[in-house]
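Below is one structure, written out as structure tokens, with a few remarks after it.
The values are calculated or read from the model by the stated rules, or taken from the named source; none is laboratory data. Worth saying up front: this structure is predicted, and the values here are computed from it rather than measured. Cβ sites come from the backbone with ideal geometry, for glycine too, and all protein chains shown count toward neighbours. Ligands, DNA and RNA are excluded from the accessible area calculation, which covers all protein heavy atoms including side chains. Shrake-Rupley method; radii C 1.70, N 1.55, O 1.52, S 1.80 Å.
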Amino acid sequence: MKGDGIENPVFEPPSPDLRRQGQVSPAGADVGVPEAEEGPCGWGRCAPKALQLCNNPEGYLAAYSLLAIFQGIVVNGLINISISTIEKRYELNSSLTGLISASYDIAFCVLSLFVSFFGERGHKPQWLAFSAFMLGLGSLIFSLPHFSSGKYHYGAKLEDTCQIPGTSSANFTCSASTKSSLPNYLYVFILGQLLLGVGGTPLYTLGTAFIDDSVPKHKSSLYIGIGYAMSLLGPAIGYVLGGQLLNVYIDIQIPERQDITYTKIDQDDPRWLGAWWIAFLACFFAVWLLIIPFTCFPKQLPGTAKIQAEKISETHNDGSEVLVETKNIGKSFKDFPVALLILLKNPVLMSLIIASSSEALVATGFATFLPKFIENQFGKTSSFSATLGGLVLIPAAALGQIISGILVSKCKMDCKSIIKFMIGTCSVALILNTVFLFAKCGNEPFAGVSETYNGTGTLYNLTAPCNANCRCLRSIYYPVCGRDEVQYFSPCFAGCASHLFNNMKKTYHNCSCIGKPERENGSEDFLYEAVPGKCPTQCKFLPLFLTFFFFAVVFTFMAVTPTTVAILRCVPDKQRSFALGVQSVFLRLLGTIPGPILFGVAIDNSCTLWDINECKTKGACWVYDNERMAYLLMGISAACKIITIIFVVIAVWLYKPPPASAALSQKDSETVSAIHT
């Protein structure tokens, strides 16, 4: 990647670029970007005039944004929302589905350096066409298990009420079940994710560098910011689309009858599985259509050579630029170790990469667990919490990236000013992060966890004399709220023996564990003893939390586009794509992979009630200590943001602009470079 002030050494020829001194080399030592590579938009001799309307940075940005949107839909939207369904359908535990999720990052890490190294001097739009092909193929592979695993058999209905011994109900014991072949589809899902990782690699390395190649320096941050913001629409669309399709039965048509013990199910039944696979199939066709526009773009957009000639280097002055130019490093594979070492020894680049990795750790952690935090802190349903989380994270992140792109572009910031700007945004985000200190909630009354069953039983024990004979399962978490305003683990643990439907709403009756409500009027006109769902929370901090957290996300993501721009400017011109590849590797190894793991460990550490099944195996956590969770998440977030600020400050302190650009103002630099051309 070329690190001169957002220099775009476009899809360059393997040769030294001395354009910064305004020199024009002979053909043998290509200087800058040969105009011969600025072809028309089309396929060989077929170049319709209508296509030339798209043969510009705006046309490329539109195609890039569409590909980024579909990549986000599949990788960060559909897969995340489908994981729980895939777990149930193919009998996979969370550690195995975690491996599925990690496969994308594994492929990205392995290929990122090589793709960015070789693609730097290649035909970047064709690399993007390859990216679209692999993303489409990965989506197709990911959906294949549905078509080869047969129809879904959902089994007998589970009873959620108190079952007195001797009555007919499903009998659950710990026994070794018949060996199923369904878990073997794990490898198909991993293959699909690996292919998606292969497809995603060129998109955010070569694709971003191509934008920087094709526009003037002061516009680069705006275009990159728009591209990144558009990519955030993908997860939002993925969650909405995937969520709606999960309301469709997995095999489209619900079987009327499978067996005498089987009953027809609806979406409220815990055995319900949605049609997770439809969206993957649709994305396969849509993404492959994007191969067409990328194959028609030329190696360089018209005007690229002139744009490159007018750019002034802002490469960190450590001698690396001279070394890369004089020895033409990056022309062959044997240069790979030397090229990598040059970047690793660039202190400004590495400081920015560590800072961005620290921010990525927090961002991916909250992207994964913010819905769970809202659900437990504020007593909301999982679906409503996921919707709220998406409404906060996606618009705030997009807004932050667009705002920062506009500010950097309009103010025509140089590399050092951009890094200083990042210090400001990260500091504000750190201050806003204190929302966890005052917008947290205590735990609502929970029988068997935070209080006893009307004075009977013990804390942290769901079984009490009132439900001891009900044969309740701890593996079925179906919370109900009693008329005493206490939450119960399930209707069974509340001792409810029957249920009715009043105006299509389910209510439970004859509940032996639920006491009379403590009301002043002592009225007995309750039409129920318990209703499904958690008790309404008394905590009113949700609007305050969402407001502060929204702006914290805005300021956090205001550093994303400037970081990319600063990285592109502080490295030698012919190493820009490679620098983004190095950043991508560190971003995953230090950020996106450990982020959800660290946040998951912190949240598990705040658990007060675990799921323990009939085989005494510990599963998911049912109830958390809300205050402890808030403090732990804020601690991780604050620590990471402090690390970010420290390394950004180090980057400012260590950065040395080249003598020429340091001596000239931006306007003078443009004048001089124009004269040289």
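For this structure, a couple of remarks:
- Residues satisfying the stated conditions in segment 47-62, i.e. at pLDDT 75 or above and under 13 Å from residue 298 (Cβ atoms): 51, 52, 54, 55, 56, 57, 59, 60
- Filter result for the condition that a residue is open to solvent by 10 Å² or more (accessible area, probe 1.4 Å), at pLDDT below 90, of a type outside the set (S, T, N, Q) and assigned by the TED database to the domain that holds residue 295, over 130, 108, 118: 118
- For segment 394-404, the count of residues that are farther than 22 Å from residue 630 by Cβ and over 23 Å from the mean Cα position of the chain (by Cα) is zero.
- Residue 424 vs. criteria in a helix (DSSP H, G or I) and free of Cβ contacts under 8 Å to residues at least 40 places away in the same chain: yes
- Number of residues in segment 526-576 that are part of a helix (DSSP H, G or I), modelled with pLDDT of 80 or more and over 30 Å from residue 496 (Cβ atoms) equals 26.
- Segment 627-654, subset buried (at least 22 other Cβ atoms within 10 Å of the Cβ) and not aliphatic (A, V, I, L, M), residue farthest from residue 442 (Cα to Cα): 644
- Annotation note: Cβ proximity below 7 Å between a residue of segment 108-120 that is more than 14 Å from residue 131 (Cβ to Cβ) and a residue that is surrounded by 21 or more Cβ atoms within 10 Å (Cβ to Cβ) and of a type in the set (Lys, Arg) (sequence gap 6+ or interchain) occurs for 109/588; 120/574.
- Pair list, Cβ under 7 Å, 6 or more apart: segment 628-650 residue assigned to a helix (DSSP H, G or I), other residue of a type in the set (Lys, Arg): 630/440
The rows are residues; the columns are (1) in contact with a strand residue (DSSP E or B) (Cβ under 7 Å, 6 or more places away or on another chain); (2) open to solvent by 10 Å² or more (accessible area, probe 1.4 Å); (3) not assigned by the TED database to the domain that holds residue 567.
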position: 407; (1), (2), (3): no, yes, no
position: 419; (1), (2), (3): no, no, no
position: 450; (1), (2), (3): no, yes, yes
position: 453; (1), (2), (3): yes, no, yes
position: 463; (1), (2), (3): no, yes, yes
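- Matching option when the condition is at pLDDT 85 or above, part of a helix (DSSP H, G or I) and open to solvent by less than 30 Å² (accessible area, probe 1.4 Å), among 200, 242, 225: 200
- Residue 391 fulfils the conditions (1) free of Cβ contacts under 8 Å to residues at least 12 places away in the same chain; (2) out of contact with any Leu (no Cβ under 9 Å at 6 or more places or on another chain); (3) not β-branched (Val, Ile, Thr) except for a single criterion, (2).
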